[in-house]
Amino acid sequence: MAEPRLIEISPVTRVEGHGKVTIHLDADGRVDEARLHIVEFRGFERFIRGRLLWEVPVIVQRLCGICPVSHHLAAAKAMDMICGVDELPPTAEKMRRLMHYGQVMQSHVLHFFHLAAPDFLFGFGAPAEKRNIFEVIREQPELGRRAILMRKFGQDIIEATAGKKIHGTAAIPGGINRNLPIEKRDAFLKDIAEMEDWALDALKLARDYTLEHAELVGHFASFPSHYMSLVRPSDGALDLYHGNLRALASNGDTIFDQLPYDRYHEVLVEDVRSWSYMKFPFIEKLGPLTGWYRVGPLARMNTVDLIDTPRANAARDELMASDGDITQAVLANHWARMIEVLHCVEKIRELLHDPDLQGTDLKATGERREEGIGVIEAPRGNLIHHYQVDENDQVTYCNLIVSTTHNNEGMNRAVKDVAVQQLSGQPEITETMLNQVEVAIRAYDPCLSCATHALGQMPLQVELIDAAGTVIDSRVRDA
Amino acid sequence: MSDFTFTIDGTEITAKEGQTIMDAADDAGIYVPRLCDHEGLRHQGGCRVCTVKADGRSVSACTQPAAPGLTVENETPHINKLRRDLVEMLFHEGNHLCPICEASGNCELQAMAYRLDMTAPTKFPYLEPCRPVDASHPDIALDTNRCISCGRCIRASQDVDGKGVFGYVGRGIHRHVAANGEDLSHTDAEVTDFAISSEVCPVGCIIRKRIGFATPIGEREFDKGLIGHKISAKRDD
Ligand code: SF4
Ligand code: SF4
Ligand code: FES
């Protein structure tokens, strides 16, 4: 009888961070369990204790080089609450929104063109040296050029609103420290029409791919789940910057709705498992087994009632009208992401025409509170920042739930799903199989550097380990 | 004795009786790097960043009287290397995370590092102090992980405010400033004190609360020019 085996894929390439996958086979070679190990721990929630409240939005960006703006804004929103500011001056709120749309746009573009497009264009089975942005540029120079320029547009928006492309300091408790000068606005307006055209083309690429490969997309690591995101209080529209919490079951039934986000802890519980530093949140009333849920672009497409920009709304209608499997399929996140890019471009255009961006009332004050919670829809999904601050202005408590944590259970299930389909009973690990495990994880766009800060491509190492922990086979793929 | 002349890096300048080398250099629009010296406070001669060679001898320009015919070397590669080493050591003694520090852009230590081309501070071991922030005062906080022991706050509080809010604790490289009392809330410090004003503490150790990042990075003091640019500008005029 065959020995039980452990197939290890570590670290996962092209996920922005350092993850490790183990696939546990039983004695008969069937997939028993798959685990995405988050073994690194940054201890941020402890480190921040004792720091002064106005430093927090700047410090938290160091959590993650991937979406620092999301952390910056979520923390700033929590600090607004602590400073007793429930409504920002219009200039401050709109500058922050502009910053956020720039961030979501550039992040989605990065993911789609740089990380996912190689799989679209060359297939999952393509050799590693083909699966990168340089090959995309070589084979489709116009697409490659647009990828770079769209990303740059988003980054330039961040720079103009946050002060720097990467770690800005603009959002301060109760407001913002700058407005948008007319010259900068005009420079963006000059390019916005082109950005919208390109966003429409990118959307078409993602949509066509999804529909042409409906069979694959519908079955690839695809399973129903609950979804959660913020929605706009008035009408349930998509709102990436602010709103109330909504969770829907896969059949569309409401689990909770229009819940003010400072009550998140009444509905969510975080489970701990010994093999991962990353927690497993679930919806309390459903319990840990069935209460897990997903967040992110596709989750948002499912939870919201509409999108308040016309072209993105039409695109969402088309996605939602497609065959039922697609709206639950992890690979449809790419389509959802491109809908959101279009939404961001439409929102950026709207904001650039708003004279409030040149306003000079930048900051509000209010009566101090001890607790603040800031929630935002980051590119990868819902992001929760929760702090307590003492009367000396020092942080005494911090709890963060990042998108990748919300999706933790979903990612593990996606890996298992792929493993069951591809690996069970096969004695040999093929390149395609390994790639598919990666693709499943990558579709969630996990920001594993929240835990590691490791950046860039890493070599892929595959090990076959028997139940006793002995490596019985290994395979290394260079970056 | 009336006015007299001496040279700094070959330029002849005029000094008044009783002036230090630094005073005379300032008047002539020649910047000598400094950290512990500050206009309006008595000289201390502690940081040695103002080291120059006067007739070949290393002296601190902030305390050394100017003298007729003196030959002073200021901006030489050798002296600037020495200054850079001193500044590097200050970074290593404290815990300086500029990207998250609200003093960034207004900080004289950081600005001095830029001026002296300090690029990779890897020569010395980091001491990595981990002192708790004293935020007990309603309007003032003290993060002594960033203190460079320049003593400017001590002199300002004693000599200008007539108070004595600050004093040193610890010895040698572990020396740093502390409130004269259990914590800041047990002193008579007020946010309007000269010692607390933005110009006295050269780094991000003495913090006036709730200001933080209100001034954007990019619009701060040393975003406008290298440290010392205001003094050198006198000469260009
Ligand atoms: S005090 Fe100055 S050198 Fe130290 S961290 Fe702050 S800005 Fe940097
Ligand atoms: S607290 Fe500031 S002014 Fe006082 S000694 Fe330290 S660095 Fe100098
Ligand atoms: S400035 Fe002269 S010793 Fe510090």
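The values are calculated or read from the model by the stated rules, or taken from the named source; none is laboratory data. Nothing here was measured: the structure is a model prediction, and the numbers come from that model. Note: ideal-geometry Cβ built from the backbone for every residue, glycine included; neighbour counts use all protein chains shown.
Within region B:186-229, which residues are of a type in the set (Asp, Glu) and more than 10 Å from every other protein chain (Cβ to nearest Cβ)? If you could, list the steps in order and put the result at the bottom.
Applying the first criterion (of a type in the set (Asp, Glu)) to region B:186-229 yields B:188, B:190, B:193, B:199, B:219, B:221, B:223.
Listed by number, the residues that qualify are B:188, B:190, B:193, B:199, B:221, B:223.
Among helices (runs of 4 or more DSSP H) lying entirely in region A:141-221, which contain 1 or more residues that are touching a helix residue (DSSP H, G or I) at 6+ places or on another chain (Cβ under 8 Å) and without any contact (Cβ under 8 Å) to a residue 60 or more places away in the chain?
Passing ranges, in order: A:141-162, A:182-212.
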Can you spot a residue in region B:140-158 that is of a type in the set (A, V, I, L, M, F, W, C), over 18 Å from the mean Cα position of the chain (by Cα), away from ligand 1 (no atom under 14 Å from the Cβ) and surrounded by 15 or more Cβ atoms within 10 Å (Cβ to Cβ)?
-> yes
Determine, yes or no, whether residue A:366 is part of a loop (DSSP other than H, G, I, E, B), among the small types (Gly, Ala, Ser), out of contact with any strand residue (DSSP E or B) (no Cβ under 9 Å at 6 or more places or on another chain) and within 14 Å of chain B (Cβ to nearest Cβ).
-> yes
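Considering region B:140-155 alone, what residues qualify as being near ligand 2 (Cβ under 6 Å from one of its atoms) and assigned to a helix (DSSP H, G or I)?
Pass one, region B:140-155, residues near ligand 2 (Cβ under 6 Å from one of its atoms): B:147-153.
Passing the criteria: B:152, B:153.
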Within region B:10-21, restricting to residues that are assigned to a loop (DSSP other than H, G, I, E, B) and surrounded by 13 or more Cβ atoms within 10 Å (Cβ to Cβ), the one that is nearest to ligand 3 (Cβ to nearest atom) is B:19
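Every residue, every condition in (1) assigned to a strand (DSSP E or B); (2) modelled with pLDDT under 55; (3) out of contact with any strand residue (DSSP E or B) (no Cβ under 7 Å at 6 or more places or on another chain); (4) under 30 Å from residue A:176 (Cβ atoms), yes or no:
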residue	(1), (2), (3), (4)
A:3	no, no, no, no
A:15	no, yes, yes, no
A:18	no, yes, yes, no
A:22	yes, no, no, no
A:42	no, no, yes, yes
Residue hits (region B:165-180; crowded, with 16+ Cβ neighbours inside 10 Å and more than 11 Å from ligand 2 (Cβ to nearest atom)) are B:180
Scan region B:22-58 residue by residue and report those that are of a type in the set (A, V, I, L, M), away from ligand 2 (no atom under 16 Å from the Cβ) and out of contact with any Phe, Trp or Tyr (no Cβ under 8 Å at 6 or more places or on another chain).
-> B:22, B:28, B:30, B:32, B:52, B:54
Name the pairs whose Cβ atoms lie under 6 Å apart, with the first residue in region B:100-122 and within 18 Å of residue B:196 (Cβ to Cβ), the second more than 8 Å from ligand 1 (Cβ to nearest atom) and part of a helix (DSSP H, G or I), and 6 or more positions between them or separate chains?
-> B:106/B:221
Would you check which residues across region B:38-70 are within 16 Å of residue B:26 (Cα to Cα) and among the hydroxyl-bearing types (Ser, Thr, Tyr) and list them?
-> B:51, B:60, B:63
Does residue B:123 meet the test of being among the basic types (Lys, Arg), within 20 Å of residue B:37 (Cα to Cα) and either in a loop (DSSP other than H, G, I, E, B) or more than 16 Å from ligand 3 (Cβ to nearest atom) (or both)?
-> no
